[in-house]
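The next block holds one structure in the form of structure tokens; read it before the comments.
The values are calculated or read from the model by the stated rules, or taken from the named source; none is laboratory data. Everything numeric in this text was worked out from a predicted model, so none of it was measured. Because the Cβ atoms are built from the backbone with ideal geometry, glycine has one as well, and the counts that use them run over all protein chains shown.
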Amino acid sequence: MTQSPPDQPLRPVPSNVSRTVSRRSMLRGTAIGAGALAIPGALAACGKSGGSSGNSKTVTFGSNYSDAIPKKGIAAVMAAYQKSSGVSVKTNTQDHNSFQENISRYLQGNPEDVFSWFAGNRMKFFAAQGLATDISDVWAGLTGFSDALKKASTGEDGKQYFVPLYNYPWAVFYRPSVWQAKGWQVPKTLDDLTALCKTIKSSGMDAFAFADKDGWPAMGTFDQINMRTNGYDFHISLMAGKESWTDPKVKQVFSTWASLLPYHQQGANGRIWQDAANSVQQKKSAMMVIGSGQIAQSFQGSDATDLDFFPYPVINPDFGQDAVEAPIDGFMVAKKAKDIDAAKALMKFLGSPAAENAYQSVDGGNIPTNSGADTSNFTPFQKKCQEYIAGAKQISQFMDRDTRPDFASQVMIPSLQSFINKPSDIDGLLKSIDAQAKSIFAQDN
Amino acid sequence: MASPPVSAQAPATRASAARRRRRLSRFTRRDLVILGLLIGIPVLLDIVLIWGTTLTSIGLSFTDYNGFTSPKLVGLRNYHEIVTIYEPFWRAVRNNLLWLGVLGFIATPLGLLLAVLLDKRIRFTRVYQSIFYMPVVLSLAVVGFIAQLVYSRDYGALNSVLGRTSHPIDFLGDPSINIWAILAAAAWRHVGYVMILYLAGLKSVDPALKEAATIDGANERQTFFRVVFPTLRPINVIVLVITVIEALRAFDIVYAVNSGRNGLELLSVLVTANIVGEASRIGFGSAIAVILLATSLGFVIAYLTQILREDRR
Amino acid sequence: MTTTTTAPRDTVGGGPREGSRPNRRPVRPARILLYVVLTLVALGWLAPLLLAVYASLRPYAETAKYGYMSLPHHLSLRYYSQAWSQGGMGKYFLNTLIITAPALVLTLFFASFIAFALARFRVPGRKTLLILFTAGNLLPPQVMVTPLYTLYNKIPLPYWLSDSGTVYDSYLGVIAIHVAFQTGFCVFVLYNYMQTIPSELTEAAVVDGAGVWRQYWRVILPLSRPALGALATLEFTWIYNDFLWALVFMSTGDKLPITSALNNLRGEFFTDYNLLAAGSMLVALPTLIVFFALQRQFVSGLTLGANKG
């Protein structure tokens, strides 16, 4: 039931992504062409799947890119593959929320050859259940992915199961024009932030736009405060069920958050994140902890250039701003795929710059993961997102991708919502989370 | 005319029907084949798809089945955890009881009242009927969406109507009041349902009865409670059972509004969340379902006793 | 008896009948009060729906600026055509038809035959069967999801019946569970109804040499039309509005019925609530039409057979 932010397929920032035909974009066209040329070779390498163009082979693809623009983006990727390989792609698009709720039935039932999914624990979980095909051989032929990305695509058994398409950062987003007019400075530390919140509140605005009706957006704030307070390693270990939730370190996270809650928009549990993002755009709230792609949807047209972000302020100097949360979306091959070879050939293409360029040509809201992808048309905002991710010492995915899905949806969503309702009873809350975590993670053994 | 109220059933007819029920031995081969097939197929469907799966789930509730690995017996652990550490459970129980209370003590009498009013010979009765029944036919997504339009803290119509624009009430997000907002929506639907059932029942009450009572000097209220209402007993039982079942199975409005979290927990939603979700705790969810099943069972038995009693007459 | 049911005293359809009953005292003020109360309640009942309709007729920019309770500046049906085409709703309505029509017909057919057989013949285990069907309808449907999925996934189907090759992700699977689940309620209603049909009628047919099928098809079924009409209205609403079965037993997005698909459209339309309002109204339309069309039969047939005088 958990909807992680990446599950809301992202919309681009249309105005500033509109491209002029430049030498660069022509080069990109060439890159697609080159990718096209590379494909028959890849197919041949994969053996019997039949590589020659004009062959009427089909490969099937189960997609959760159901929103209008991401849907077109995926269609562009598949069209590029079809054109270059001659293999036609049959896409089955399902609503992203239903797709997730049904994923285990889907993978054990009648899945498409290739399906869209998320990196991190969420990928590992299904790989470990034996529902995904090992694609280490495909990875052997991929270039342009960092070691971190390869690690994010690797299952518990050390084999690769995932090919990334894009990622995007979580940070604190705001409207620079508003901040300039008010004379507000980007806060560097928690003290700065608290002081700034007081100033903003006295100006009559909400400091933080905040929404948690769907249950997942508040996870983003928890992740930020936890990684700033206790560091990436503790966060990941906590997500993996290896730490106690009654640990004073966790309590510290909630205490910090509770001290900031009065500066958050009230009534968060009844608001969807889209409305919260709109309140930043409408200058009712000063900032918001959210993903770049999500908030960009509220900043369209002339507002598109008036969107900036800063990393969540430093809480514990030991950990600084080392960790960045940047969920990765991509593809996997189902274990029950009908044509593994055709699936792998498609995966090979999906891991190429050509695929990322095709996607970017429609949906500019995300950052391509392959270093070979063309970034020449990036807006300053997109460049900054890209550099922020590239400069990270550690990259987390998102709470519902870094932990067990049942723990995220059945325990953390209700718990964070009740924290927002009643921030005073942290001890009782943590005791309850801890008891449930122990029960759920015990199933691993 | 002034005869005592005729009971709802017509004992003579039923008895004779039963007496004349034919023995199977009198049938031709063709008759037996038709009977066998046309009873056999639906019975098989019912036994396999409904009862078989339900019994299997009862079995699963004693395991740790997660939808992937083969289930392992864990005894009563799921049940123990549900009542001890599974935080939403007791809230769900409370909400289901509230649901039952509101439907039973507010919506159902209101539906009966509307039915009685509409059963008077008034103009435009069909228009009124349609309006009151309309919410019943709307799907969950539509009702959920309308709830958002009416109750939203940021743009909902109710806050505008109440004039709470500067300090709007968070009807959907505040866990101390959102269940009441949703119950209003649930009652909105239930009243129409009950009204139509009673209207149908009232229509088949012999008008002579009422006239007789009026001649005997009873006023309208006395006529209703002493003469009409008793003859509605079978409908009352059906309405009661439907109300209880609706309250226990309540699901769609809450699911459409916020997937049944943050104050809107219901047993059926907890079952769905655990069974249908991404990484399912099927054993655990089945145990909640069994608790729900056991609760409904009492009412189901009462209902069946009623049926069988009717049948015996 | 049957005539009492099919042509009951005419309350439905109303009309001025004052005075047709000799002993009704004309209480004018009370009458007026009654109309006022009914009208007020009816308006309150309609308000949420009217709000949604009103929203669907206005541009989102306007309602975002002035709120939903403001006076209109622009009114148009533009969102309806947009929701229809952008959401691809035609396709989903067709899917709904593919599921609802057979499910409805099969449910009523099986239920009426069983009710007929149980009401007329000494079928062995008659009471057990009644309990089996009636109680089955009262079970919480979520209990059945997991075992049904496993079962559906194991039953192969030929390609012409299901392009997935199994009952899972096929229309047949969704139709089957609808039929199994809904038959229970219909058996109960129809059984009670048929009890009230005088057995002399079928006895006469038997004397004429009619077999089981002819008694059912020629005698009982025509006499049960009011009850069947009422059930058809109810069952249509229930099957049409179901989203759970399609959600869990369908994995192909393009095969979903409209009710499940609307949930998806919510994601696609979220930036524009008024477009969503228009989409929701379109989805609500068929059930409203069916109700209006069958309203007369609905109320007169829905006596649940339990109250025949």
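Candidates B:68, B:89: the one that is over 25 Å from the mean Cα position of the chain (by Cα) and not basic (Lys, Arg) is B:68. Evaluate region B:108-116: report whether one residue or more is of a type in the set (Val, Ile, Thr), under 30 Å from residue B:236 (Cα atoms), within 12 Å of another protein chain (Cβ to nearest Cβ) and within 29 Å of the chain's Cα centre (by Cα). Yes - at least one qualifying residue is present in region B:108-116.
Whether any residue in region B:82-99 is of a type in the set (D, E, K, R), within 18 Å of residue B:286 (Cβ to Cβ) and not in a helix (DSSP H, G or I) is what I want to check. Scanning region B:82-99 turns up no residue that is of a type in the set (D, E, K, R), within 18 Å of residue B:286 (Cβ to Cβ) and not in a helix (DSSP H, G or I). Those residues that are touching an Asp or Glu at 6+ places or on another chain (Cβ under 7 Å) and either polar (S, T, N, Q) or surrounded by 13 or more Cβ atoms within 10 Å (Cβ to Cβ) (or both), I need them from region C:56-86; list them, please. Listed by number, the list holds a single entry, C:60. Being in a loop (DSSP other than H, G, I, E, B) and not hydrophobic (A, V, I, L, M, F, W, C) is the filter here; which residues of region C:202-217 pass it? Passing the criteria: C:208, C:209, C:211.
If you check C:228, C:172, C:190, C:221 for being buried (at least 24 other Cβ atoms within 10 Å of the Cβ), under 22 Å from the mean Cα position of the chain (by Cα) and either facing chain B (nearest Cβ under 8 Å) or part of a helix (DSSP H, G or I) (or both), only one passes: C:190. It is to be established whether one or more residues within region B:122-133 are within 14 Å of chain A (Cβ to nearest Cβ) and assigned to a helix (DSSP H, G or I). For region B:122-133, residues within 14 Å of chain A (Cβ to nearest Cβ) and assigned to a helix (DSSP H, G or I): absent.
Count of region C:204-214 residues, restricted to those that are more than 7 Å from chain B (Cβ to nearest Cβ) and either on the phi > 0 side of the Ramachandran plot or at pLDDT below 90 (or both), is 7.
Of the residues making up region C:233-250, one or more are outside any helix (DSSP H, G or I), facing chain A (nearest Cβ under 10 Å) and at pLDDT 80 or above.
Could you list all residues from region B:42-64 that are farther than 16 Å from residue C:138 by Cβ, more than 8 Å from chain C (Cβ to nearest Cβ) and free of Cβ contacts under 8 Å to residues at least 24 places away in the same chain? Matches in region B:42-64: B:44, B:59. The criterion of at least 1 residues that are among the β-branched types (Val, Ile, Thr), facing another protein chain (nearest Cβ under 8 Å) and surrounded by fewer than 23 Cβ atoms within 10 Å (Cβ to Cβ) is met by the following helices (runs of 4 or more DSSP H) wholly inside region B:165-275: B:207-215, B:233-249. The listed residues are C:131, C:114, and the only one of them that is over 20 Å from residue C:170 (Cα atoms), modelled with pLDDT of 90 or more and at the interface with chain B (Cβ under 9 Å from one of its Cβ atoms) turns out to be C:114. Within region A:145-180, the set of residues being modelled with pLDDT under 90, more than 15 Å from the chain's Cα centre (by Cα) and either crowded, with 18+ Cβ neighbours inside 10 Å or assigned to a loop (DSSP other than H, G, I, E, B) (or both) comprises just one member, A:146. Filtering region A:394-445 to residues that are among the charged types (D, E, K, R) and surrounded by fewer than 19 Cβ atoms within 10 Å (Cβ to Cβ) leaves A:422, A:425, A:427, A:431, A:434, A:438, A:444.
What are the residues in region A:240-282 that are under 23 Å from residue A:422 (Cα atoms), part of a helix (DSSP H, G or I) and modelled with pLDDT under 95, if any? Matches in region A:240-282: A:268, A:269, A:270, A:273, A:275, A:276.
Screening region A:382-409 for residues that are touching a strand residue (DSSP E or B) at 6+ places or on another chain (Cβ under 7 Å) and of a type in the set (Phe, Trp, Tyr) and picking the one that is farthest from the other protein chains (Cβ to nearest Cβ) gives A:388.
Being surrounded by 22 or more Cβ atoms within 10 Å (Cβ to Cβ) and within 28 Å of residue A:276 (Cα to Cα) is a description that does not apply to residue A:258.
In this structure, does residue A:372 turn out to be in a loop (DSSP other than H, G, I, E, B), under 26 Å from residue A:168 (Cα atoms) and at pLDDT below 90? For residue A:372, the condition - in a loop (DSSP other than H, G, I, E, B), under 26 Å from residue A:168 (Cα atoms) and at pLDDT below 90 - is not met.
Looking only at residues of region A:128-144 that are surrounded by fewer than 22 Cβ atoms within 10 Å (Cβ to Cβ), within 14 Å of chain B (Cβ to nearest Cβ) and among the hydrophobic types (A, V, I, L, M, F, W, C), we find that the one that is nearest to residue A:392 (Cα to Cα) is A:128. Is at least one residue of region A:109-121 assigned to a helix (DSSP H, G or I), over 28 Å from residue A:72 (Cβ atoms) and either within 7 Å of another protein chain (Cβ to nearest Cβ) or not basic (Lys, Arg) (or both)? Checking region A:109-121: at least one residue is assigned to a helix (DSSP H, G or I), over 28 Å from residue A:72 (Cβ atoms) and either within 7 Å of another protein chain (Cβ to nearest Cβ) or not basic (Lys, Arg) (or both).
Scanning region A:66-90 for residues that are farther than 30 Å from residue B:282 by Cβ and touching a strand residue (DSSP E or B) at 6+ places or on another chain (Cβ under 7 Å) yields a total of 9.
Against the test of being within 30 Å of residue C:249 (Cβ to Cβ), more than 28 Å from the chain's Cα centre (by Cα), buried (at least 17 other Cβ atoms within 10 Å of the Cβ) and among the hydroxyl-bearing types (Ser, Thr, Tyr), the options C:199, C:164 yield a single qualifying residue, C:164.
Residues in region B:69-79 that are surrounded by 14 or more Cβ atoms within 10 Å (Cβ to Cβ) and either more than 12 Å from chain C (Cβ to nearest Cβ) or assigned to a helix (DSSP H, G or I) (or both): B:74, B:77, B:78, B:79.
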